[in-house]
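The block underneath contains the structure these notes are about, expressed in structure tokens.
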Amino acid sequence: MGNSSTTHSKKYSPSKSNIWLNCPLSTLLNDGSGEEISPQAEFGTQCHELSSALINKSLKLIDYENESKPVEELIKELDMYSPEMQEIADGYADFVVNTFEFEKTRSGEKPLIIIEQLLKMDFDEDAKGTLDCGIISSMNGGTLTVIDLKTGRIPVYTFDDETKMFNSQLGIYALYFYKAYKDLYPIKKVRLIVYQPVISNTNEYEMDIDDLLVFEAMVLRPAVIRTKEENPEANPGKHCRYCSANAVCSKRAEVNLEITQEMNKAFNLLTDKEIEEILPKLDEFIKYAEDLKKHVLKKAIDGHKWNGFKLVYGKGSRKIVNEDAVIKICKSLEIDPYVESKVAGITELTKRLGKERFNSLIAPHLEMQTGSLSLVPDEDPRKEAEIIKEGDK
Ligand code: SF4
């Protein structure tokens, strides 16, 4: 069995592969130095640890490299442990165990399973990553499955309809899991699965092993070579959002600021065609401006002086700091210090009642509210909105 602590490469992290496969320069700027671990990332790491212990316990797996701790003991060490973490870990552990049992039943043999295993990648000394779960069964001439637990709220897909590419992070894990075991187990099919319970997003993609090997030869290896050139090229795009240099990268700035040149005319003088050319670039431009603002504010708070600018506080608001004293005073005056109780939100009620009771008792009293309108390219998979004007009714 693999280790339970998550280890990732700094430069060639599989989770950042969408950045470095697209932009060679990013490997020089995303070396992990100075990167702060966000509370969400720490929650994710601890949730993976807990899940791993639950799966090991359930499948009676032995971790030869690390001393396995009993689940109860591990929980005491997790400082971000919460009922939410337990729910995610339980759900994921069930999902992995069920997938394992399913492969066992349909192949008639016990599959190989690895949990939280460190995989070293041969394209760079520094390249490595921890695979959440890998299963190999003898189904269909050998089926390799990788399952990735996502604890964040940004939806992650195993296949991108826009680029027609499978998720490169999961692809890299699958490739190196395959390489580690290919001499022992024949493999023909590869399944990539994202398990993302917080937004009820579980999706999978299946391909032939040959597709993965073509990805290695045509995408992965050429991209790594480009990152090792003397002056690696910068290639801005949507992936910049997740690059740690996204606020200070001059190439991203240059490309995004081109839009300001295009907008040099007053808006009422721009033709529809000119506006349609600007529209697809606006989201990236706004994101770039937000990243830049976040960066300059953080530096200013850290003590940097931006010429001509100063830090100020926004409008403050009054806050009760001693609730007990306020309650006592109000009660002594026979005044109710509490506000009316409000009905809890949908997530909270689902938690309190359980999914089944929520669906049968509460769901009939819910109504889907229409979300706000936004303009998206024609290729967007969502259905076009029907706008009903007052006069049309
Ligand atoms: S910000 Fe974008 S263009 Fe610049 S290094 Fe990062 S990924 Fe490349």
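The values are calculated or read from the model by the stated rules, or taken from the named source; none is laboratory data. Everything numeric in this text was worked out from a predicted model, so none of it was measured. All Cβ positions, even for glycine, are placed from backbone atoms using ideal geometry, and neighbour counts span all protein chains on display.
Structure notes:
- The residues on offer are GLU284, GLU262, and the sole one that is within 16 Å of the ligand (Cβ to nearest atom) and either closer than 30 Å to VAL376 by Cα or surrounded by 13 or more Cβ atoms within 10 Å (Cβ to Cβ) (or both) is GLU284.
- In region 93-112, residue surrounded by the most Cβ atoms within 10 Å (Cβ to Cβ) [restricted to those that are in contact (Cβ under 8 Å) with a residue 40 or more places away in the chain and within 18 Å of GLU204 (Cα to Cα)]: VAL96
- Among the residues making up region 205-225, those that are closer than 30 Å to PRO280 by Cα, buried (at least 17 other Cβ atoms within 10 Å of the Cβ) and either away from the ligand (no atom under 16 Å from the Cβ) or not hydrophobic (A, V, I, L, M, F, W, C) (or both) are TYR205, PHE215, LEU220.
- Taking each residue of region 35-57 that is hydroxyl-bearing (Ser, Thr, Tyr) and looking for partners that are at pLDDT below 90 with beta-carbon atoms closer than 7 Å, six or more apart or interchain, yields THR45/THR6; SER52/SER4.
- The set of residues in region 43-58 being closer than 16 Å to PRO83 by Cα and of a type in the set (D, E, K, R) consists of GLU49 alone.
- When each of THR130, THR151, THR163 is tested for being part of a strand (DSSP E or B) and either without any contact (Cβ under 8 Å) to a residue 12 or more places away in the chain or assigned by TED's automatic domain parsing to the domain that holds LEU212 (or both), the lone residue that passes is THR130.
- ALA223 vs. criteria within 23 Å of ILE19 (Cβ to Cβ) and assigned to a helix (DSSP H, G or I): yes
- The residue that is nearest to the ligand (Cβ to nearest atom), among those in region 229-247 that are among the charged types (D, E, K, R) and in a loop (DSSP other than H, G, I, E, B), is GLU233.
- Residue in region 139-171 that is farthest from LEU54 (Cα to Cα), counting only those that are hydroxyl-bearing (Ser, Thr, Tyr) and surrounded by fewer than 19 Cβ atoms within 10 Å (Cβ to Cβ): THR163
- Yes/no for ALA253 being surrounded by 17 or more Cβ atoms within 10 Å (Cβ to Cβ) and either within 16 Å of the ligand (Cβ to nearest atom) or in a loop (DSSP other than H, G, I, E, B) (or both): no
- Residues that are of a type outside the set (S, T, N, Q) and under 24 Å from TYR157 (Cβ atoms), drawn from region 374-393: LEU375, VAL376, PRO377, ASP378, GLU379, ASP380, PRO381, ARG382, LYS383, GLU384, ALA385
- The one condition in (1) more than 23 Å from the chain's Cα centre (by Cα); (2) small (Gly, Ala, Ser); (3) modelled with pLDDT of 90 or more that ALA266 fails to fulfil: (3)
- Single residue of GLU386, GLU348 found to be out of contact with any Leu (no Cβ under 9 Å at 6 or more places or on another chain), not assigned by TED's automatic domain parsing to the domain that holds GLY91 and not in a helix (DSSP H, G or I): GLU386
- Cβ separations smaller than 7 Å between residues 6+ apart or across chains give the following pairs from region 233-249 residues that are among the basic types (Lys, Arg) to residues that are more than 8 Å from the ligand (Cβ to nearest atom): LYS238/GLU284; ARG241/LYS287.
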